[in-house]
Amino acid sequence: MNIRFAAALAFLVLASAAPARAIDIVPAPTVADARAFVARAEGELEALNVKYAFADWTYQTYIIYDTEKLSADTQLALSAASARLAEEAKRYEKLDLPADLRRKLTLLKLSVVAPAPQDPKEQKELSDIQAWLQGEYGKGKYCPTPDKCLTLPDMEDVLRDSRDPKALLDVWKGWRTVSPPMKAKYARFVELSNKGARDLGYKDTGDFWRAKYDMDPAAFSAELDRLWSQLQPLYDSLHTYVRSRLIEKYGKEAVGDDGLIPAHLLGNMWSQSWENIYPLVAPPSAPAGYDLTKILESRKTDEREMVRFGERFFTSLGFPALPATFWERSLFTKPRDREVVCHASAWDVESPQDLRIKMCIKTNAEDFTTIHHELGHNFYQRAYGEQSYLFRGSANDGFHEALGDTIALSVTPEYLKQLGFIDQVPGPEGDTSLLMKMALERLAFLPFGLLVDQWRWKVFSGEVKPEGYNQAWWDLVEKYQKVKSPAARAATDFDPGAKYHVPANVPYTRYFLAHVLEFQFYRSLCRQSGYQGPLHRCSFYGDKKAGDSLQKMMALGISRPWPDALEAMTGSRKMDAGAVAEYFAPLKAWLDAENAQRAK
Ligand code: X8Z
Ligand code: ZN
């Protein structure tokens, strides 16, 4: 039975048996009661969260039946408690509360990603599905022949390095054989999570996710449209140029004449970032420059050393070094003898000291950047670790994703020279190549960062039904990325499930926001450090003022609405793509001239 209904019934019985006493039994709650309730809720949730983190870490680094059960059960305990406490919190919502308490009551409701329904059976079903989906993705393999199976990292190697369209298409399609079995469970997951969201007063899970941005959900959607309209011209210039170079390489027939790019030719399993095809699109007249992957290989930099470089950037800003347990407990390499979830992540298992990353590191430039990304999470987690439980989090989820990427923007030739990686900093004639690499990594990402949740929001709202899942996905990929599937797709395919964040249920708009915010943060830190040259040449490595500014913003956690945190660091209360435009301005001019030339 529904718990709320049961409680109401109990009250009625009491009221008819002893009406005079019944009034005494439910005195109106006070602000002090609300404060005590929040303190109790925080204690309970923190304890359950730690248990879940230990179990889930074990599961994701050692996927077997038993660890799946442990992860599901501990997640169930946490989400059931969250659902119960969110229900209890309604008692205090009408009170005139101080701002911090009001904020905590809201955060209590929003603290889970998949809100659980009130029914215990459905709660269990929801946790079981979530753990199962996560494991299916982690274990996923494609076996082109009975005696040869490829993991996702194996297939990513092919997409990164091969220039043979047949081989590219084979692994592109191969990885997408992993997800169709997930589809029915995903559809059930959507139903259950929506039930939980409705119990909390939201239209559906998408509406619930959009409520996390300190503004009306509809206003948030409008913000995204505004940012994308600022960015689209940049993306279009890059897309037009890259497409024309791919036609040169693979031929008009392979690329087609519809203005789209086939997804398997962009060097990445989801076509979400294109830096791996830099050699194919390098500006023809630019000097060769340096290749960070080759440098790391020739120096025989191992996985731990790669992470040490990342850590050193943060310590140069004044942050304390990572604790010894980080180095003991993290997973840096793909184990040979067991299944793990290789998708990179950063953990604060027991806040604020037990920090870890989990990542199947490869010695290449892409992972060098990802390491900075992950460490950004860890340093953020430690900075807000002294906040009470519900205030531990980033100002909004885009801030968390942006932090390490902001640092990685400072990995400039100047910085690499300081590390001893290169002997000479290329002159301004090297700028187009540098900016091209960055554009392939970060501009190329923008429409993908937007579309994943555009798809999920339609799914959660019911606008897209299971039979239309795959078609709706490709409609959005074509619309935003201007990329197309290189093979026929069926309604039984479930291509969204071949992207980690869908089965793992990690919201994705955060990465789109991050790709805007990181340039805003970077420009502001560069200015604070007194830098005056072209934005893309700035590195704030070693700048304690920049470190201080970051630390202050990060230590706020999620205790204040995000515009306050943004203002504290950048002086602006608005997210704005102006810094992205400034950073890429020289490349935009080059691309537009080049595209005009090629159109003749
Ligand atoms: O998932 C991640 C991080 C972990 S939060 C590795 N990223 C997104 C992705 O891989 O799809 C970073 C960029 C986008
Ligand atoms: Zn991240």
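The values are calculated or read from the model by the stated rules, or taken from the named source; none is laboratory data. For clarity, every value in this text was computed on a predicted model and none was experimentally measured. Virtual Cβ from ideal backbone geometry, glycine too; neighbours counted across all protein chains shown. Each accessible area value is taken on the protein alone, full model and side chains, heavy atoms only, with ligands, DNA and RNA left out. Shrake-Rupley method; radii C 1.70, N 1.55, O 1.52, S 1.80 Å.
What the pair-distance distribution of the chain shows, using all Cα-Cα distances binned every 20 Å from zero, is 19, 54, 23, 3, 0 percent. Spacing of the modelled spin labels on Ala167 and Gln353, each 7 Å from Cα toward Cβ, amounts to 4.9 nm. Heavy-atom accessible area for Cys360, with the other protein chains in place and a 1.4 Å probe, reaches approximately 20 Å². Of all lysines in the structure, the ones whose alpha carbon falls short of 20 Å from that of Lys185, not counting any fewer than 8 places away in one chain, are Lys69, Lys121, Lys124, Lys139, Lys141, Lys195, Lys458, Lys465, Lys499. Relative to its residue count, region 445-542 spans a Cα convex hull of 134 Å³ per residue.
Applied to region 140-155, the Karplus parametrisation 6.51 cos²θ - 1.76 cosθ + 1.60 on θ = phi - 60° returns per-residue 3J(HN,Hα) values of x, 9, 10, 10, x, 10, x, 9, 9, 10, 10, 8, 4, x, 4, 6 Hz, with x for Gly and Pro. Set the bar at 28 Å for Cα to Cα. Now go through Lys362/Lys545; Lys109/Lys545; Lys203/Lys479 and name every pair that lies beyond it. Check vs 28 Å cut-off fails for Lys362/Lys545; Lys109/Lys545. For Val425 and Ala286, the FRET efficiency from 1/(1 + (r/R0)^6), where r spans their Cβ atoms and R0 equals 22 Å, is about 0.90. Straight-distance candidates among the aspartates and glutamates for linking to Lys173, with alpha-carbon spacing under 19 Å and chain neighbours fewer than 8 residues away dropped: Glu136, Asp147, Asp154, Glu156, Asp157, Asp161, Asp164, Asp475, Glu478, Asp493, Asp495. Close amide H contacts of Leu317 (hydrogens built in the peptide plane, cut-off under 5 Å, sequence separation of 5 or more or a different chain): Gly542.
Under the convention that each Lys and Arg Cβ holds +1 and each Asp and Glu Cβ holds -1, the size of the dipole of region 307-436 around its Cα centre is about 400 debye. Averaged per residue, the chain has 41 square angstrom of accessible surface, using a 1.4 angstrom probe with ligands and nucleic acids left out. Subtracting the Cα-Cα distance of Glu463 and Lys51 from 0.36 nm times their residue separation leaves 144.6 nm of extension gain. Computed from phi, the 3J(HN,Hα) profile of region 272-286 under the Karplus parametrisation 6.51, -1.76, 1.60 (θ = phi - 60°) reads 8, 8, 10, 5, 6, 9, 3, x, 7, 10, 3, x, x, 8, 6 Hz, with x in place of Gly and Pro.
Placing one equal scatterer on every Cα of region 483-594 and applying the Debye formula, the log10 ratio I(q)/I(0) at q = 0.10, 0.13, 0.14, 0.17 Å⁻¹ is -0.47, -0.70, -0.77, -0.94. Helical content alone sets the calculated 222 nm signal of the chain at -19000 deg cm²/dmol, taking -39,500 (n - 2.57) per DSSP H segment of four or more residues and averaging over every residue.
Here the spin labels are modelled as points 7 Å beyond Cα on the Cα-Cβ line, and at Asp225 and Ala187 they lie 3.1 nm apart.
Here region 31-87 exposes an accessible surface that is 63 percent carbon and sulfur, computed with a 1.4 Å probe and the other protein chains kept in place.
A quarter of the convex hull surface defined by the alpha-carbon atoms of region 69-191 gives 11.4 nm² as the mean projection. Given +1 at the Cβ of Lys and Arg, -1 at the Cβ of Asp and Glu and no other charges, the dipole of the chain around its Cα centre is 340 debye to the nearest 20.
For region 459-600, the share of accessible area belonging to carbon and sulfur comes to 52 percent (1.4 Å probe, ligands and nucleic acids excluded).
Taking amide H positions as modeled 1.01 Å from N, with prolines and chain starts lacking one, the residues under 5 Å from Ile261 and 5 or more places away or on another chain are Val483, Lys484. Protection proxy ranking for 146-154, 520-528, using the average of other Cβ atoms within 10 Å per residue and placing the highest first: 520-528, 146-154. The stretch between Asp337 and Tyr250, if pulled fully straight at 0.36 nm per residue, gains 27.4 nm over its current Cα-Cα span.
In order along region 266-271, the phi-based Karplus estimate (6.51 cos²θ - 1.76 cosθ + 1.60, θ = phi - 60°) of 3J(HN,Hα) comes to 9, x, 8, 4, 10, 6 Hz; Gly and Pro are listed as x. Every pair of different Cα atoms in region 304-368 enters the Kirkwood calculation, which places the hydrodynamic radius at 12.8 Å.
Antiparallel beta bridges, as assigned by DSSP with both residues in the chain, represent about 75 percent of the total such bridges.
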